[in-house]
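The values are calculated or read from the model by the stated rules, or taken from the named source; none is laboratory data. Quick caveat, the model's predicted, so the values are computed rather than measured. All Cβ positions, even for glycine, are placed from backbone atoms using ideal geometry, and neighbour counts span all protein chains on display. The protein model used for the area step is the full one, side chains on, heavy atoms only, and it has no ligands, DNA or RNA in it. Shrake-Rupley method; radii C 1.70, N 1.55, O 1.52, S 1.80 Å.
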Amino acid sequence: MILAGDIGGTKTRLALFDDPAAPPLIERRYASCDHPGLEPLIDRLLAEARKALGGQAAPRVACFGVAGPCEGQRVQVTHLPWTIDAQALARRFAISRVRLLNDFAAAAYGIDALPPQAFATLQRGEPCAGAPRVILGAGTGLGIAYVNRDASGEHPIPGEGGHGGFAPRSDLEIALWHYLHERVGRVTLEHVLSGAGLMRIADFLLQRGGYPEAPALRAGLAEEELPAAITRHALERGAPLALDALDLFIACYGAAAGDHALNVMARGGVYVAGGIAPKILPRLAAGGFVAAFNDKADFGTAARRMPVHVVLDERLPLVGAARAALAPD
């Protein structure tokens, strides 16, 4: 039995698998900030599993995809005051092997396990078997991983690319950079490409002025989570401020994805995962993302040859963690 986890700043998803190629035996989702650490959530999952599975809930191996830099057997979760120690978890739950991976490295293991309907294609490109992949995704933060592939399987290269610098391409994006620099100092991709980043973009545009009064949007911003309110008013109501904020977010997202794709010539595919992309798919597919992705001057032709897909299944990191639990280190 395999214990798999997807640990993020907003949510933690845990599941037990008999076979990583099959649906989980039991799966639960928890609000990360409501709990002091990972151990109580594992206790809770295993207790529920024992009831549901007739007492059989003793995982032999475990793997957790964690939003944070993974070095060795101990990880400090980004955007969450949790420290996860693999050896401590192994002792506490009598698990023979516990593996910790960056969450996007874990997700890389899951790409080939998902069915075709789990993806929406933004650009078909000219895929090349065995070529490198890029997987990235905006949510609470921005995760990025590269994937080398050969006959022995996938070999993710984790990193903290979301904390790389934001590279503006237009006068509007340069103005956004100055606006952010005044408030945060060094401007990273994650300052722009995250839930909080979408809010910053909307505030930047609002302060520039020129938008009509929008009482419904203001009420939505007061009542809902701000990124969700901006997205809803953009996609459902066409509110000018919300729509412009979302379009600027998407342009920056596409440009960053294209930059990282060029780093490894990702003819194996660029996979846009994370919590935000599926929610804004109609606007992602409208063309702004791909236009920015391919806006690479002399390397525009190379960019257009790279397939680009949106991952629609938010369980990707969990499925990947289950597969990685059985993979060699």
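With respect to the conditions (1) of a type in the set (D, E, K, R); (2) without any contact (Cβ under 8 Å) to a residue 24 or more places away in the chain; (3) crowded, with 20+ Cβ neighbours inside 10 Å, residue 133 lacks only one, and its number is (2).
Go through the stretch 181-194 and give me each residue that's open to solvent by less than 40 Å² (accessible area, probe 1.4 Å), over 14 Å from residue 249 (Cα atoms) and hydrophobic (A, V, I, L, M, F, W, C). Scanning the stretch 181-194 gives a single hit, 187. In the stretch 25-50, the residues that are farther than 12 Å from residue 12 by Cβ and among the basic types (Lys, Arg) reach residues that are open to solvent by 60 Å² or more (accessible area, probe 1.4 Å) and in a loop (DSSP other than H, G, I, E, B) with C-beta atoms within less than 8 angstrom, at least six apart or across chains, in these pairs: 50/56. Only one of the numbered conditions (1) surrounded by 20 or more Cβ atoms within 10 Å (Cβ to Cβ); (2) within 16 Å of residue 193 (Cα to Cα); (3) out of contact with any Pro (no Cβ under 6 Å at 6 or more places or on another chain) is not met by residue 163, and that is (1). Residues of the stretch 120-149 that are basic (Lys, Arg) and part of a loop (DSSP other than H, G, I, E, B): 124 alone.
Among residues of the stretch 258-275 that are more than 23 Å from residue 313 (Cβ to Cβ) and without any contact (Cβ under 8 Å) to a residue 24 or more places away in the chain, none has a Cβ under 6 angstrom from a residue that is not in a helix (DSSP H, G or I) and not acidic (Asp, Glu) at a sequence gap of 6+ or on a separate chain. A single member of 309, 260 is buried (at least 20 other Cβ atoms within 10 Å of the Cβ) and assigned to a helix (DSSP H, G or I), and it is 260.
Do we have any residue at all in the stretch 268-283 that's assigned to a helix (DSSP H, G or I), in contact with a Phe, Trp or Tyr (Cβ under 6 Å, 6 or more places away or on another chain) and at pLDDT 95 or above? There is no residue in the stretch 268-283 that is assigned to a helix (DSSP H, G or I), in contact with a Phe, Trp or Tyr (Cβ under 6 Å, 6 or more places away or on another chain) and at pLDDT 95 or above. Residues in the stretch 170-195 that are part of a helix (DSSP H, G or I) and in contact (Cβ under 8 Å) with a residue 40 or more places away in the chain: 172, 173, 176, 189, 190, 192, 195.
Taking the criterion of being under 18 Å from residue 88 (Cα atoms) and surrounded by 15 or more Cβ atoms within 10 Å (Cβ to Cβ), the residues of the stretch 38-59 that qualify are 38, 39, 41, 42, 45, 46, 59. The condition of being at pLDDT below 95, within 30 Å of residue 1 (Cβ to Cβ) and part of a helix (DSSP H, G or I) holds for only one of 317, 227, 328, that being 317.
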